[in-house]
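This report refers to the structure that appears directly beneath it.
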Amino acid sequence: MTDERPALFSTRSGPGGRRRTAPKASTDGDVRRMAGVLLGTVLAALAVLGAVVATSDPQALRVPGPLARPHAQANLSCASCHRDDTSAPVASACVGCHGPHASTRPAHRALVERGTLGCPSCHRIHTAEGGVAIGDAGKLWRYGPGASEPVALSPPPAPVTPTHVAVVELAVCDACHDPERSADPIQRCLLQGQRELGDRRPTACFDEHRTMAADGFAAIGSARERLAAWDVARRVLVQAPVAPRTDTERPGLALLFGLGAVAAGLGTIVVRTIVRWRDRDRARASVDVRPPEVVRLPQINTATCIGCYACVDACPYDVLEIHDYVAAVVRPSDCCGLTLCEQRCPNGSLVVRDGAPIEDRPRLDPTLQSLDVPGVWLAGDLTGLPLIRNAINQGAAAVAAIAASIASEAASRDGALDLVIVGAGPAGVSAALAAQQHGLRAVVLEQGSVAESIRSFPRGKLVFDQPLGIPLVGDLWLRESTKEELLGHWLRIVRQRQIAVLEGHRLLSAQRGPDGRFAIVALQHGQQTALVARRMLLAIGRRGTARKLPVPIPESLQSRVHYSLADARSFAGQRVLVVGLGDVAMEAALALAHQAGTEVVVSYRGEGFTRGKARNADELRRLVDAGRVRIVWRSEVAALGEREIELTTPDGPVRVPYGAMFVLIGALPPWELLAALGIRKAGAMAHVPAVAAAAV
């Protein structure tokens, strides 16, 4: 089954039915599935940025990075080091605070004089600036860019004047030194047991700018304090060799990108959900539930058709086939009038056109209310619009119109129901759910049981195949499923939502009183149930009464004649005659033929496969070729006997042994019931004079 999509091609056409305008862009599933990705990504990026700003130290977010403890305590700004709008730090800025402190090592001093070594070369502000902080009362910290952590030594060191001891990482030195070479001077600056730290290994040579002597100091005590601080720093480096830092390097960026990707996915899901809800609401408002008034059939311009199979693949009823390299309409009676084949035609060679008026349909207004009996609405196959999905939409749309009409009237205080729904199929269940949503007091009358038409399908039958994306109305759920899956889901809905369904109640009569209310009588096992309702909704489908053969069936053989197949396994090992060759008949024949020991004969008055889906016809042909099914063409049932059924054919009578017979030749629409209610066919009104029609 399928539904109609918005047209992809202009309705204007030229001679021969071919489009003269180019196809327009269509927002089909391939386009809509990316809806919200860009907006979701933007929202996710903003969310990640906001989270980073809200949870991080503002100082740590500054470019190019955070400051270490001494510089943060000094309240340095960017302009303190980066002067004259230069991007690199100026070495003279360091001297401004720390004073002149040239290197004590001749090799380093030579590099400074050549301009290849400066303060930032070793003390890499923002990225590798670390050290040991000595505070009051012997408190110690190991610090790095933007972070510091306390360190406790055991035994505690002797009191030392508060100060900061800068520590340079090995990564600064290995550009000139080789820590793996034993003769390299860097060896005396490295602590034992820290080789696995690699480039983050600390160096413990603190006499780069001040020697152990008192040179440059006012008193010898200054040298002693300096030596004591260096000794404490070495002990701290043994216990905490790696300086903490606020990570601004690539691992942090990778984590940020990962969080951004996750947030982008979540943002996209949220946005797409909102878009889907919006599209669903728009689709609900735009779904056309009106049944067609004229026959619609595809017309094909064979001069331009390229035989691409696009229309054949799009049609769910196998109306079209490719003959002699062009498309052809081979099953016009199965066409439902939808335009999916027209939409898929790549060059406009196929056009669905309106034909003769459909006379075998009830007269309805745009809300599905009967034009003959005000207060009665119709929904489902009874209206002439096929497909389960359309029935669901019609049931909900009709109840919406009913609720609006009731809202304009005074509230009922005499116990009358707001709505009586006749039929508990897809349209009836959808209408009952919609009635609950609108707060209507409703009862469903069902002469059989809920979803009786689905129950009559063969076991395991695929009852729905819907590739399109028109949103459903209400809680009903549809997908490609078997009879049992769909039936089970609907029964759960009826139980969970506590829909009032009176099963086994057949509508006997309904009379509209002077006050506009309906006196309804239903019959169950010979007992009548009377109801009064302000509105009625007929959702009884077009199945009506099964067509029967124009031959007498003896009373003793009635139990061997069936008009539907619910479980093929019950007929395993029997001889079965199937009358008819539509989809229902072919599916029954296929199901019976797959039972062990079952002999299947099909009687059909035609000469070939002219109706039904191609896949059913192909499978039945395969079974015929395999000898598992026999088809008697141009045959009709003439008489039933105890052991044999006599078929008439142009070549003479044919006798078929049988144990059961399935008469699957369609059903009679319930026009007698509708006529009793006062509902007429549109074709009948077409022959009524204009004055008389206006009076009606």
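Read the figures in this text as sums done on the coordinates, not as results from a lab. Since the model is a prediction, treat every value here as computed from it, not as a measurement. Heads up, the Cβs are rebuilt from the backbone with ideal geometry, glycines too, and the neighbour counts pull from every protein chain shown.
Taking the Cα centre of segment 88-216 as the origin, how large is its charge dipole in debye, to the nearest 20, when only Lys and Arg (+1) and Asp and Glu (-1) carry charge on their Cβ atoms? Computed about the Cα centre, the dipole is about 80 debye. Sorted fewest first by neighbouring Cβ atoms within 10 angstrom, Cys176, Cys311 come out as Cys176, Cys311. Ordering of 430-437, 185-192 by packing is 430-437, 185-192, highest average first (other Cβ atoms within 10 Å, averaged per residue).
Could you sort the peptides 222-234, 138-150 by per-residue average Cβ neighbour count (10 Å cutoff), highest mean leading?
138-150, 222-234
Going from the residue with the fewest nearby Cβ atoms within 10 Å to the one with the most, His323, His505, His71, His489 rank His323, His489, His71, His505. Diffusion of segment 546-668 by Stokes-Einstein, at 10 °C in a medium of 1.306 mPa s and with Rh set to the Kirkwood radius over alpha-carbon pairs, works out to 111 µm²/s.
Close amide H pairs (under 5 Å, H built 1.01 Å from N) link Gln299 with Val351, Val352, Arg353, residues at least 5 positions away or on another chain.
Neighbour counts of other Cβ atoms within 10 Å put Glu484, Glu169 in the fewest-to-most order Glu484, Glu169. The value for segment 64-245 of Rg(Cα) / (2.2 N^0.38 Å) is 1.03. Distance from the Cα centroid of segment 506-538 to that of segment 360-434 is 15 Å (rounded to whole angstrom).
The protection proxy used here, the mean number of other Cβ atoms lying within 10 Å of each residue, ranks peptides 98-106, 353-361, 365-373 as follows, highest first: 365-373, 353-361, 98-106.
For segment 546-668, the dipole from Cβ point charges (+1 on Lys and Arg, -1 on Asp and Glu) about the Cα centre works out to 180 debye, to the nearest 20.
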